[in-house]
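This report concerns only the one structure given below.
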Amino acid sequence: MSICGRCVYRFLLGAFIVATGSLLWAQKEPTLAAYEGFEAFELYDQGLRLLYGIDGVETNRAFAMELLKKAASEGFGPAYNLLGSQLLEGNGWFSSPRKANRMFEKGAALRDQQSLFNLAYSYRSGRGVKKD
């Protein structure tokens, strides 16, 4: 079984992120160009790190949301769920249950279980939709 160069690169990049605490340690303003070619789940993972300060990474809510939006646009259901959750809580934005439910619907269409649960809970409690 051979190991591809891209896999080795990602492994080493992951080790670098853990060792330094951030991929973007040398950049003052992170850009999406630094994440060109990353898979959706990798964008989501780094977005989580930046959003919650996981693994000692300094929080950067605005850039975390950009990463999550990019992961969602590539069809990664959990990213829609996290975006919807942030819209519900109003973290960094205004709270918008209707927009949050739209995010949950998109995640549910991709068969993300947490999005399905949050959407069902919204309908049951009447959060942003007519109570059902």
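With a/c under 1.5 counting as rounded, go ahead and sort the range 29-132 into rounded, prolate or oblate using the C-alpha gyration tensor (a ≥ b ≥ c being the square roots of the eigenvalues; past the cut-off, prolate if a/b is larger than b/c, else oblate). Prolate shape, in that a/c is at least 1.5 and a/b is the bigger ratio. With a ≥ b ≥ c the root eigenvalues of the C-alpha gyration tensor of the range 60-105, is it rounded (a/c under 1.5), prolate (a/b larger than b/c) or oblate? Judged from the Cα gyration tensor, the range 60-105 comes out oblate (a/c at least 1.5, b/c at or above a/b).
Sorted ascending by nearby beta carbons within 10 Å, beginning with the fewest, Asp55, Asp45, Asp132, Asp112 become Asp132, Asp55, Asp45, Asp112.
Taken together, the values in this text are just the output of simple stated rules run on the coordinates, not laboratory data. These figures come from a predicted structure and were not determined experimentally. So basically every Cβ, Gly included, is an ideal-geometry build from the backbone, and we count neighbours across all protein chains shown.
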